Structure formats: C-alpha cells, structure tokens
Amino acid sequence: MDKITEYCTGCRACEQLCAHHAIEMKPDKEGFLSAYIDRDKCVDCGLCQNRCPQNALIQKSKPLMSFAVRDKNAEELKISASGGAFAAAARVILQRGGVIVGAAYHDDMTVGHFVVDRLEDLHKVQSSKYVQSNTEATYSQVKALLINGREVLYSGTPCQIGGLRAYLRKDYDTLYTMDLICHGVASPKLFAKYLIWLGGKMKGKIIGYDFRDKSCGWGLDYMSKTKTKTKTKTKPSTLDPYYYHFLEGTTYRECCYRCNYCTKERVGDITIGDYWGVEKEHPEFYSAKGVSCFLVNSEKGMRLWNLIKSEFYFLESTFEQVARANHNLSHPTKRTSRRDSIYLHIDDMDVNEYFATQLAIPFNLKARVKLLLPKWLKIWIKKNK
C-alpha cells in the first residue's frame, strides 16, 4: 500500500471522503495512524491527494481579538486544564441544543474523539490528553448533524480542524471550530506501553489518568493524577518518563516538527490554550486556579464569543502578549537528535527496560527542590522571577 503523504497527520479526512473505501488507516511502526491507498480499490480520482490538508490550501485567519479568560463556574474550572475556556463554550452550545466534539478516554484508556450531546457527559472531553486522539468517524457524524441544522462545536488540534474543513469542503453556519495551541502529539502505542509500565509500578490496572491535575495549583508544576481500583497517585512531570519526554518534545509525530499550523494565522474560529506568562502580561488577572487564552479568529468566532462571554471573568489582551510565552503560536517545536532513537526499540524491548533506557530522565536537582516548596512560595517566585 502507498502512503498518501509522507507527512500524514492521521486526521482521517481522506478515509471518510473516499467513496470507494480505498483508504485504510493503519498504525505505522511508531504507532501513529497513517493513511494508505489500497490500489486494488483505487480508481485514481485524486480526491484524497487533492483534499489532504497537508496538500490543499486550508483557509486561515489572523486573530481579531485576544482575551485572558477564567470560567466563573468553580467546579468546572477545577477539572479544566487551565481556565476552563472549552468547558464554558461547550456548556452554552449544549444548553442551546447543540453538540460538542472533543477528545476523551475509551474504557480501554485509548483516546478518541467523541460526539457529546448531554451536559452530564461534558467532563469526559474536558482537560488535556497528551497523546494523539483518533478522530474516528466524527467528521462524517458532524456533517450529518450540520445538514440537519444542529449547532456543533468541534475541538481538536489544528491539523484535526484542518482535516474537518478539508472533509466538509464548505462552510456551515452552525459549525464552530476550536483549535488548541499544540506542542505536538505523542504516539498512542507509546501511551499504551506507558500505562502498562505505570500499572506495574502501581501494582494495578490503570483506570483513570489526568495529565493536568491542579490540586497543587495551575502553572506551578505539571502534575498528573493516576488511578487504579485501589490507589490514586499524583506525580510531577519532571519525575515521569512519558510526561517529561512529551514536554521536551522528543516523542512527537514527525510532521509536528514542520507543522503548518504553528503560526499567527489560525485554522479554527477560536484558538484556546493555557495563558502562559499571564502573571507578567496581566499580573492582576493571574490565578493559581487557572487562566486560558482565547483568540477570536473569525466572524463566527466573534459570534460564539458574544454568546459565551458572560460565562467568563475576562480581560482583553493582544496576540503578541499571548504568543510571548506560547511559542507554538509562532513556530513548531524544534526537532532534536533525541527523537531519532526514542521509538527505535518500542517493539523489541521489555517495557521496563524501554522506559529505563529509551525514556530515561536526567537527574534535575532544581526540579526536585521545587517540589518541596510551599504553594505560596511557588506563586511568589512565578510572579517575581
């Protein structure tokens, strides 16, 4: 089988576009889903090549307005990765009878995109998942909903939003797209092996994982929370092999290092993310409970903002202020030589040996000392460094 493009993002647009079912999505050797052409079924119409968002020109736009936001709903804010930007927008769409689409865990802890139409299920698609989500059949599901006049809020990485727009081939007035400020995505195979390794350490099967636990505060440490049937454990990213290497940028999909979406020109109607650096740009708005940035990129984005802004405490900012500490708004993550070997032995090493060698963490005295500091001192250092 032939790959559609060497820089496939795994969005699945081509698979759902092909009327001849000639596209097969298969994991590559690193575990990233990639699109392959079945030549026995292919009629050489060229649709997959022409509509691939890596080949086609997907319209983007510069932000019209930028904000620092924090959800007024304290309970939703607590379980959101930063300031609850997605949760607040999703609540309003659901209350209006619409649906939302976002990344959630399956029962087997794999991550996929889900269509949610009930407010009580919103929590499933909240918070960050630092592994590539499988969009599954959501593009075709969303198209059917839009044809029937439903409002849809679709949240995903910029390449997933680009894939959706390539698949739809037209703009729908009731579709709102929300792209995330994205570092890059790690392999589902690597995440699955990590959960096996972690389960061995915790002596139980992992049944819950939160990449962005905020019990110690937002923006002070990246903390994960892991659950088995009998234990719950929090751990800083600096002491966790999967999390450490994700933040170092060594486990991303190859196309992430040359991402076309890491620019001021945005593919979504809205862009959201952590407002890193808010303590410098807007010290009066900083909160250890979390602050999100919210970029309005289109007229539809402005319409959505006007629908939801009453859900937030907010402050107007600028793109330049937001981008100062959010580097993926201006350029992709830099590929380092460490990426060459990170997946090399993912299949032929014992899981414990693999994480002890390929994903070893260097000793970091500063990070370990920081863990001992009280929360108030961490906040003071963050504001005054």
Selected residue (criterion: modelled with the highest pLDDT) from residues of the stretch 222-240 that are buried (at least 18 other Cβ atoms within 10 Å of the Cβ) and outside any strand (DSSP E or B) | Asp240
For Met349, all conditions in the list (1) more than 28 Å from Ser155 (Cα to Cα); (2) under 25 Å from the mean Cα position of the chain (by Cα) hold save one; what is the number of the exception?
-> (2)
Scope the stretch 339-372; condition loosely packed, with under 14 Cβ neighbours inside 10 Å and assigned to a loop (DSSP other than H, G, I, E, B); matching residues = Leu344, His345, Asp347, Asp348, Asp350, Ala360, Pro362, Phe363, Asn364, Leu372
Do we find a residue being at pLDDT below 95 and either on the phi < 0 side of the Ramachandran plot or aromatic (Phe, Trp, Tyr) (or both) anywhere in the stretch 288-309?
-> yes
Just give me the residues in the stretch 207-217 being in contact (Cβ under 8 Å) with a residue 40 or more places away in the chain, assigned to a loop (DSSP other than H, G, I, E, B) and in contact with a strand residue (DSSP E or B) (Cβ under 8 Å, 6 or more places away or on another chain), in sequence order.
-> Ile207, Phe211, Arg212, Lys214, Cys216
Where in the stretch 12-94 are there helices (runs of 4 or more DSSP H), lying wholly inside it, with at least 1 residues that are free of Cβ contacts under 8 Å to residues at least 12 places away in the same chain and surrounded by fewer than 22 Cβ atoms within 10 Å (Cβ to Cβ)?
-> 47-51, 74-79
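Tell me, please, whether a residue that is within 13 Å of Ser82 (Cα to Cα), at pLDDT 95 or above and surrounded by 23 or more Cβ atoms within 10 Å (Cβ to Cβ) can be found in the stretch 253-265. Outline the logic, then answer.
Looking only at the stretch 253-265, we keep the residues that are within 13 Å of Ser82 (Cα to Cα), and these are none.
No: zero hits.
Going through His113, His123 one at a time, which residue ends up being under 30 Å from Leu247 (Cα atoms), assigned to a strand (DSSP E or B), assigned by TED's automatic domain parsing to the domain that holds Leu190 and within 18 Å of the chain's Cα centre (by Cα)? It would help to see each step written out before you state the result.
Details: His123 fails: assigned to a strand (DSSP E or B).
Result of the check over His113, His123: His113.
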Somewhere in the stretch 203-219, is a residue crowded, with 18+ Cβ neighbours inside 10 Å, in the same structural domain as Thr110 (by TED's automatic domain parsing), among the hydrophobic types (A, V, I, L, M, F, W, C) and under 17 Å from Ala103 (Cβ atoms)?
-> yes
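The values are calculated or read from the model by the stated rules, or taken from the named source; none is laboratory data. Since we're looking at a predicted model, the values are computed, not measured. Cβ: placed from backbone, ideal geometry, glycine included. Neighbour counts: every protein chain shown.
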